[in-house]
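S.K.: Handing you this structure, nothing more for now.
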Amino acid sequence: METVSQIDTEIFLWINSWVGTSLIFDRVIQWIVSDYLIPVIFSVVLLGLWFGWADQAMRERHQRGVMLGGASVGIANIMVKISNVFYFRHRPFDSIDVSLLFYPPTDSSFPANPIAITVAMATGVWMANRRIGTLMYIGVFVYGFSRVYAGVFYPLDVVGGALIGISAVCLLQIVFKRIEPVPTLCLRLVRFLCFA
Amino acid sequence: MTLGQEYLILVFLVCCGVLQVSASFGGLKGLLFIGNRRFSAALGIVMILGALMWFFWSGGRNLPDTGGGIAGASQFAYFVLGGFLALLFTFVVTSLTNFNRAPSGDTTDGLPSLKETTFGQALSHNLGIAWKLYRRLTRKYSSG
């Protein structure tokens, strides 16, 4: 465990040591790392997938993916909160000298909550549309990297967040299958109201 | 203007833009502000990029919730509110501007009905069917 933590810290320090090399790159990272950019983009991708497909069968498949991804965000959030009750990891800037490009958050570093949420959305979409889901995973990778680069997460926090996001979707998919036809009926009701 | 209000405007504009782009790709003419699908998609892209540039260009967005930033729960609430307002705005505006669009015979199949009708026409048609069904069922099973 000690060795894993040491390797994690070393990878973090290596990535964070690049800060200051290029001011333009740092500025771009500050945009990406923001609490607003990637979460807003991912959320509107879900909105776009809900409405934007001419083929009805494909649209319904997307809508099920959006339902899964959207609901998984809540489950992932709960899983992170439960994890934080049992384990609290201090942020990198609390214990080591880092170059910080973001405000210093006070919550637990492990698991990375924003990554858990964005991975949950990406996985939900990936279940319905591999191409768009893969693009979202690339977005998550960039987001996770930028959070480590900016000095707010260790790499393992990002990996932990990603695992929680994927687990939340898998768990919810099992629940959705068990409670069928409830999701289908919900979708039909929304369709009746011309929202789906 | 507070960051929360600016965020709400960002979400509203981006959601309106995404609705225009997705409706034009999905062929949902009843949800378009402009009749032409290409112009609507272009308008949507301009709204999305314009809103993002406006929000992020001024900088200073990386703030803790204790120092003027938005807490996670509030961020979620702002997003839901902004998205809902964008949907409402799109549905109301397109129902009014495309009012002369003739309703098709079958509008009970959800979003595909918006290819030919407006949201207002489709919804009122479906609610009318539901009301008739309810009246028929209550009449059938009433003791009087």
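S.K.: Counting other C-beta atoms within 10 Å, which of B:MET1, B:MET47 has the fewest, and how do the rest follow? Each step should come with its number before you reach the end.
M.R.: Values: B:MET1 7, B:MET47 22.
Fewest-to-most ranking of B:MET1, B:MET47: B:MET1, B:MET47.
S.K.: Once the Cβ-Cβ distance between B:PHE56 and B:THR2 is put in as r, and R0 is 25 Å, what FRET efficiency do you end up with, to the nearest 0.05?
M.R.: Numbers: r = 17 Å, r/R0 = 0.66.
That pair, B:PHE56 with B:THR2, gives E of 0.90.
S.K.: Still on this model: Run the simple label-point estimate for B:ILE34 and A:SER99 please: 7 Å along Cα→C-beta, distance reported in nm.
M.R.: So the two model labels end up 4.5 nm from each other.
S.K.: Hey, what did chain A get for relative contact order, percent, Cα under 8 Å, at least 6 apart?
M.R.: 29
S.K.: Sticking with this one: Could you name the lysines whose alpha carbon sits less than 18 Å from that of B:LYS140, not counting residues in the same chain fewer than 8 places away?
M.R.: The qualifying lysines are B:LYS132.
S.K.: Counting helices only, and only those DSSP H runs with n ≥ 4, report the 222 nm mean residue ellipticity of the protein assembly as shown as the sum of -39,500 (n - 2.57) divided by its residues, in deg cm²/dmol to the nearest 500.
M.R.: Dividing the helical sum by the residues of the protein assembly as shown leaves -24000 deg cm²/dmol.
S.K.: Let me ask something additional. Hey, rough spin-label estimate for B:LYS115 and A:ARG130, points 7 angstrom out along Cα→Cβ, what's it come to in nanometres?
M.R.: Placing both labels 7 Å beyond Cα along the Cβ direction yields 2.7 nm.
S.K.: Shifting gears a bit: How far, in degrees from 0 to 90, does helix B:72-97 lean away from the longest principal axis of the Cα atoms of chain B, to the nearest 10?
M.R.: 50
S.K.: While we're looking at this one, here's another question. Over region B:8-141, with a single point scatterer placed on each C-alpha, what log10 of the ratio I(q)/I(0) does the Debye formula yield at q = 0.09, 0.12, 0.15 1/Å?
M.R.: -0.38, -0.60, -0.79
S.K.: Using Cα pairs closer than 8 Å and at least 6 residues apart in sequence, work out the relative contact order for region B:8-141, in percent.
M.R.: The value is 29 percent.
S.K.: Can you put A:GLU10, B:GLU6 in order, fewest other beta carbons within 10 Å first?
M.R.: Lowest count first: A:GLU10, B:GLU6.
S.K.: Note down the nm distance, to one decimal, between modelled labels 7 Å out along Cα→Cβ at A:LYS81 and at A:VAL28.
M.R.: Going by the 7 Å Cα→Cβ label model, 3.7 nm.
S.K.: Let me ask another. Pull out the extension gain between A:GLU2 and A:ARG178, defined as 0.36 nm times the separation in residues minus the alpha carbon to alpha carbon distance; nm, one decimal.
M.R.: 59.3 nm
S.K.: Report the charge-dipole magnitude of region B:8-141 in Debye, nearest 20, computed about the Cα centre from +1 at each Lys and Arg Cβ and -1 at each Asp and Glu Cβ.
M.R.: It works out to roughly 620 debye.
S.K.: What is the angle, in °, between the Cα long axis of helix B:37-57 and the longest principal axis of the Cα atoms in chain B? Nearest 10 is fine, range 0 to 90.
M.R.: 30
S.K.: How many times 2.2 N^0.38 Å is the alpha carbon radius of gyration of the protein assembly as shown?
M.R.: 1.12
S.K.: Taking springs between alpha-carbon atoms closer than 10 angstrom, which of B:SER40, B:SER24, B:SER74 fluctuates most in the Gaussian network model of chain B?
M.R.: The residue that fluctuates most here is B:SER74.
S.K.: Which FRET efficiency value, to the nearest 0.05, do you get for B:TYR134 and A:PHE141 by plugging their Cβ-Cβ distance into 1/(1 + (r/R0)^6) with R0 = 45 Å? If you can, show how the numbers build up before the last one.
M.R.: Numbers: r = 51 Å, r/R0 = 1.14.
It comes to 0.30.
S.K.: Neighbouring Cβ atoms within 10 Å as the yardstick, rank A:MET136, B:MET53 fewest first.
M.R.: Arranged by neighbour count, lowest to highest, A:MET136, B:MET53 become B:MET53, A:MET136.
S.K.: Moving on. Scanning chain A for helices, which whole DSSP H stretches are 24 Å or more long along the axis (Cα) and average -0.5 or more by Kyte-Doolittle?
M.R.: A:56-86, A:130-149, A:155-178
S.K.: Take the Cα gyration tensor of region A:9-87, multiply each eigenvalue by 5, square-root it, and list the three semi-axes largest first, rounded to whole angstrom.
M.R.: For region A:9-87, the semi-axes come out at 34, 21, 10 Å.
S.K.: Taking a quarter of the surface of the convex hull around the Cα atoms of chain A, what do you get in nm²?
M.R.: On the way: hull surface 49.6 nm².
Across all orientations, chain A yields a mean hull projection of 12.4 nm².
FYI, it's all coordinate maths here, none of it is from the lab. Source: prediction; values computed, not measured. Virtual Cβ from ideal backbone geometry, glycine too; neighbours counted across all protein chains shown.
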